[in-house]
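Report on the structure given below.
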């Protein structure tokens, strides 16, 4: 997931299709560490690229957590008062002509050279340099001699001992690591540099060369037919040669501008991206893109969505977690008390035997030997020497009755608390499944109805707009997945009909999956795909395989008084299935 040198090479290649000879029509700074440049393209490029309106925007973010650079047509709102850095760029670069877009080697650096007229009408050139280096990311404005005029982040000597980024200082690329430029490496230098390192092969590749991410290094090892985890020093001559050939092939593609950006998905979530085909992943898990900008927008929009949902659900997770912790502690204590009542029948038998054989107990005796007439075995009954046999019998009957009452009370209470635990665990799983903010609203409503959250005075019940996931099997059957208990209840008992098929992970919280049979028999592949959905959208989604129960919907019954989504069934089939749902087509709600 690294914004590596090859990705930037792909980006620079794309930028050179649009930006050279374009004019900077507008410069904005929508965020403290972000620029949005509106470029009026030249007539020749407008016609060649078919851009409506003749302008395109370049977004450059120097965020420490998410440095980015991409082309877009979308605008962003800007502050009413432009920051100083933005004002300086407007003063010097407004209406300036973009001369070139370059990348030094495979460094994570993009240099925009811009030509403009100064106050005296003389033609001058300036550089806007984007350093996309993680927490060290920055946007730096320099003159033609690489003297820094200003930067979006100032870095003093107290902040960095490697390089100061301040007006008047000279700009250069700091060499903090001994890495080689992979575009200039020859065979002998590559073999010596990589295979002399005491590390796994893939790690040796990306630590030896600048601009290579772990994903690209894994791909190189895969194309070489070897194991990425094999020690570099342990590779034989043929393996080393194969690694060099794979590496050389990728570098040739980068030099020639032959990029094939793609995102690879794992369980329908973006797992990795690169500007080269990631053949180490299954073909059906890859999504190819025509340009790197569209890929970056989609990839990080999805990552931001996941992060935002996690943040928005934090308060609900805390409520569920605290309630679950209390219930589990209560349940454990009740279970301990239940175990303590297991010897209650022993006290009853002691009392009965004392009533039968107590006449033989000597006064002041501490025990009585008797025969248990239920089993025929001898038994020693402890006695309180201060009490008579009858009084000891009465004491044992009192203990028995007390423990019996405790057992009867706890039998109902433990079932109640266990039901609360199961309900809370199902809500916790629903929070993991939640896809959008409206999904969280429905979960919050369930917590309110269950008494875990108090509805604010004067507020009405939230309008529910969340809908179940909708998939279609490879055989064309529609499959629906409930995102929470309320949706599970509605899917099973209001949406599905008797001949539809119902799927659920065995003995764990999870989604109800309904397959609309439409009166037709389901193919085996549809059964397997629906079971994979049930396994994935369950508490066991991190496991490799999960056991799934499935049955016709008419066999599923609702228990009176049970929480939403809790059902029983007695006649069912089961299968052990993978939790990977890659390749199953999801339709938009």
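The values are calculated or read from the model by the stated rules, or taken from the named source; none is laboratory data. All figures in this text were calculated on a predicted structure; none of them were measured in a lab. Cβ sites come from the backbone with ideal geometry, for glycine too, and all protein chains shown count toward neighbours.
Identify all residues within segment 134-162 that are assigned to a loop (DSSP other than H, G, I, E, B) and either crowded, with 18+ Cβ neighbours inside 10 Å or touching a residue at least 60 places away in the same chain (Cβ under 8 Å) (or both); write none if there are none.
Hits for segment 134-162 are 137, 152, 153.
Yes or no: residue 282 modelled with pLDDT of 90 or more and either surrounded by 13 or more Cβ atoms within 10 Å (Cβ to Cβ) or within 31 Å of the chain's Cα centre (by Cα) (or both)?
Working: modelled with pLDDT of 90 or more: no; either surrounded by 13 or more Cβ atoms within 10 Å (Cβ to Cβ) or within 31 Å of the chain's Cα centre (by Cα) (or both): yes.
No, not satisfied.
Any idea which of 442, 403 is in contact (Cβ under 8 Å) with a residue 40 or more places away in the chain, within 30 Å of residue 483 (Cβ to Cβ) and touching a helix residue (DSSP H, G or I) at 6+ places or on another chain (Cβ under 7 Å)?
Checking each option against the conditions leaves just 442.
Starting from residues that are out of contact with any helix residue (DSSP H, G or I) (no Cβ under 8 Å at 6 or more places or on another chain) and not in a loop (DSSP other than H, G, I, E, B), keep the ones in segment 470-491 and report whichever is farthest from residue 561 (Cα to Cα).
Ranking the qualifying residues of segment 470-491, first place goes to 472.
Name the residues in segment 285-299 that are at pLDDT 85 or above and part of a helix (DSSP H, G or I), would you?
Correct list: 292, 293, 294, 295, 296, 297, 298, 299.
A quick yes/no check of all residues on (1) outside the structural domain of residue 403 (by TED's automatic domain parsing); (2) more than 30 Å from residue 412 (Cα to Cα); (3) part of a helix (DSSP H, G or I):
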position: 328; (1), (2), (3): no, no, yes
position: 331; (1), (2), (3): no, no, yes
position: 338; (1), (2), (3): no, no, yes
position: 352; (1), (2), (3): no, no, yes
position: 365; (1), (2), (3): no, yes, no
position: 371; (1), (2), (3): no, yes, no
position: 374; (1), (2), (3): no, no, no
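Do you know which residues across segment 193-202 are over 13 Å from residue 235 (Cβ atoms) and either modelled with pLDDT of 90 or more or surrounded by fewer than 16 Cβ atoms within 10 Å (Cβ to Cβ) (or both)?
none
Would you mind stating whether residue 187 is within 30 Å of residue 156 (Cβ to Cβ), at pLDDT 90 or above and surrounded by fewer than 16 Cβ atoms within 10 Å (Cβ to Cβ)? Walk me through it before giving the result.
On the way: within 30 Å of residue 156 (Cβ to Cβ): no; at pLDDT 90 or above: yes; surrounded by fewer than 16 Cβ atoms within 10 Å (Cβ to Cβ): yes.
Judged against the criteria, residue 187 is not a match.
Would you please name the residue that is nearest to residue 482 (Cα to Cα), looking only at residues in segment 542-568 that are in contact (Cβ under 8 Å) with a residue 60 or more places away in the chain and touching a helix residue (DSSP H, G or I) at 6+ places or on another chain (Cβ under 7 Å)?
Going residue by residue through segment 542-568, those that are in contact (Cβ under 8 Å) with a residue 60 or more places away in the chain are 553, 556, 558, 562-567.
From what's left, touching a helix residue (DSSP H, G or I) at 6+ places or on another chain (Cβ under 7 Å): 553, 556, 558, 563-565, 567.
Numbers: 553: 15, 556: 16, 558: 16, 563: 15, 564: 12, 565: 9, 567: 14 Å.
Among those that are in contact (Cβ under 8 Å) with a residue 60 or more places away in the chain and touching a helix residue (DSSP H, G or I) at 6+ places or on another chain (Cβ under 7 Å), it is 565.
Among 216, 254, which is buried (at least 17 other Cβ atoms within 10 Å of the Cβ), out of contact with any strand residue (DSSP E or B) (no Cβ under 9 Å at 6 or more places or on another chain) and either touching a residue at least 12 places away in the same chain (Cβ under 8 Å) or not in a loop (DSSP other than H, G, I, E, B) (or both)?
254
If you go through segment 165-180, how many residues are in a loop (DSSP other than H, G, I, E, B) and at pLDDT 90 or above?
Residues meeting the conditions: 6.
Hey, among the residues in segment 492-524 that are out of contact with any helix residue (DSSP H, G or I) (no Cβ under 7 Å at 6 or more places or on another chain) and under 24 Å from residue 421 (Cβ atoms), which one's surrounded by the fewest Cβ atoms within 10 Å (Cβ to Cβ)?
507
If I ask for residues that are surrounded by fewer than 16 Cβ atoms within 10 Å (Cβ to Cβ) and in contact (Cβ under 8 Å) with a residue 24 or more places away in the chain, which ones from segment 52-64 would you list?
63, 64
Quick grid of which residues meet (1) assigned by TED's automatic domain parsing to the domain that holds residue 264; (2) crowded, with 19+ Cβ neighbours inside 10 Å; (3) in a strand (DSSP E or B):
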{"site": "15", "(1), (2), (3)": "no, yes, no"}
{"site": "20", "(1), (2), (3)": "no, no, no"}
{"site": "48", "(1), (2), (3)": "no, no, no"}
{"site": "70", "(1), (2), (3)": "no, yes, yes"}
{"site": "80", "(1), (2), (3)": "no, no, no"}
{"site": "90", "(1), (2), (3)": "no, no, no"}
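Taking residue 442, is it over 30 Å from residue 588 (Cβ atoms) and either surrounded by 13 or more Cβ atoms within 10 Å (Cβ to Cβ) or in contact with a strand residue (DSSP E or B) (Cβ under 7 Å, 6 or more places away or on another chain) (or both)?
No, not satisfied.
To keep it simple, each residue is scored yes or no on (1) at pLDDT below 90; (2) part of a helix (DSSP H, G or I); (3) within 30 Å of residue 418 (Cβ to Cβ).
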{"position": "303", "(1), (2), (3)": "yes, yes, no"}
{"position": "311", "(1), (2), (3)": "yes, yes, no"}
{"position": "319", "(1), (2), (3)": "no, yes, yes"}
{"position": "324", "(1), (2), (3)": "no, yes, yes"}
{"position": "345", "(1), (2), (3)": "yes, yes, yes"}
